[in-house]
Each structure stands twice: as C-alpha cells, then as structure tokens.
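The values are calculated or read from the model by the stated rules, or taken from the named source; none is laboratory data. Every value quoted in this text rests on a predicted model; they were computed, and no experiment measured them. In case anyone asks, the SASA skips ligands and DNA or RNA and just uses the protein heavy atoms, side chains included. Shrake-Rupley method; radii C 1.70, N 1.55, O 1.52, S 1.80 Å.
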Amino acid sequence: MTTSLLSRARTRLSSAALVAGGLAAGFGVAQGTGIRALGGAVFLAGGLAAGWLWVQRRGWAVALGLGALYVGAFVLAHVLALGVGLPAWLAVSLVTIAAAGVTYAVADRP
C-alpha cells in the first residue's frame, strides 16, 4: 500500500464509528459470550484504533482528551447500570451516542 493510499484510508475512516463500535460491540461480546475480558478486548481494540487516528489527525492533546472521554463513557455506563439501575443496554446506548457524537464533533468533522 502506498503512502497516498494509506493517507486516504486514514482520512475516510471515522473515529466516531470506532468509538461507537468499541463501546457497543464490547458490551455485546461480553453479554453474548459471558466472557467480560473478551468484551474488554473489543473495547480496547476500538479505543486503540480510534486513538491512533486522533493522534494522526489532531495531535496528542486531543487524543488524550478523547481517550479520557472514551474510558469515562465506559465507567459511566457501569454507574448508570449498576448505581442508578438503568438496564445495561440503555446505559451503554446512551453513553455510546454521547461519546460518538463528541468524537465526531472534535475529531472527524471537516
């Protein structure tokens, strides 16, 4: 793959989609398999992929801020589900929509 092809692929890929996928698919895998660590691996993979794009597009400061948002969304989903009593799917959906929206506004919007 040439550098220009890699560059075009990097600009087309949405980091907001990676954030949404990491949170939602991580939850789905953990629920579906019953193996929380497997869901955590999906969550980690989504975060690392998105983080790589953030560093490339916006730099380390934005990447660290969005990484904190991503991890914070994960924690907030647990607080909403376990502490507040929302159904787990609803808690994950709410934080996924919020985190993906902020990510799009900060990192993906032209």
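Taking the square roots of 5 times each eigenvalue of the Cα gyration tensor of the range 31-110, largest first, gives ellipsoid semi-axes of 24, 15, 10 Å. For the chain, the share of accessible area belonging to carbon and sulfur comes to 73 percent (1.4 Å probe, ligands and nucleic acids excluded). Against the chain, whose longest principal axis is taken from its Cα atoms, helix 60-78 shows a tilt of about 20°. Note that the chain presents 58 Å² accessible area per residue, ligands and nucleic acids not counted, probe 1.4 Å. The C-alpha atoms of the chain define a longest principal axis, and helix 36-58 lies at about 30 degrees to it.
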